[in-house]
Amino acid sequence: MWVYERKVQVNALIDFGATTSFINKSVVRANHLVTHKLQTGFDVYNADETLNRHGRISESIRAYIEIGSHKSTNQVLITDLGSKDMIIGMSYL
């Protein structure tokens, strides 16, 4: 993935149940990625219906994602994904 001309390699999980894409806050911090404040923050729930421990999502990144021949620019929401770097949801697919 590319964020403002900076290449960042991540391991991503494709999740057909996720309505959008998410990136782990630790990846954002480690790579000093440019973030954007959301106009309205919101709560996010995990697959087991528990509230995510990171709390409200209030920031995102703009990322150019390329998987094989599929390429697109996406808003990717920042949250705590535990051991996962990124979840790619239906907004990319």
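So here's what we get for this one:
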| read-out | value |
| --- | --- |
| Qualifying positions in the stretch 77-86 - in contact (Cβ under 8 Å) with a residue 60 or more places away in the chain and either in contact with a helix residue (DSSP H, G or I) (Cβ under 6 Å, 6 or more places away or on another chain) or more than 13 Å from H54 (Cβ to Cβ) (or both) | D85, M86 |
| Boolean, V76 is outside any strand (DSSP E or B), surrounded by 13 or more Cβ atoms within 10 Å (Cβ to Cβ) and not small (G, A, S) | no |
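The numbers here are math on the coordinates, done by the rules we state, and not lab data. Worth saying up front: this structure is predicted, and the values here are computed from it rather than measured. Here the Cβ is made from the backbone with ideal geometry for all residues, glycine too, and neighbour counts use every protein chain on show.
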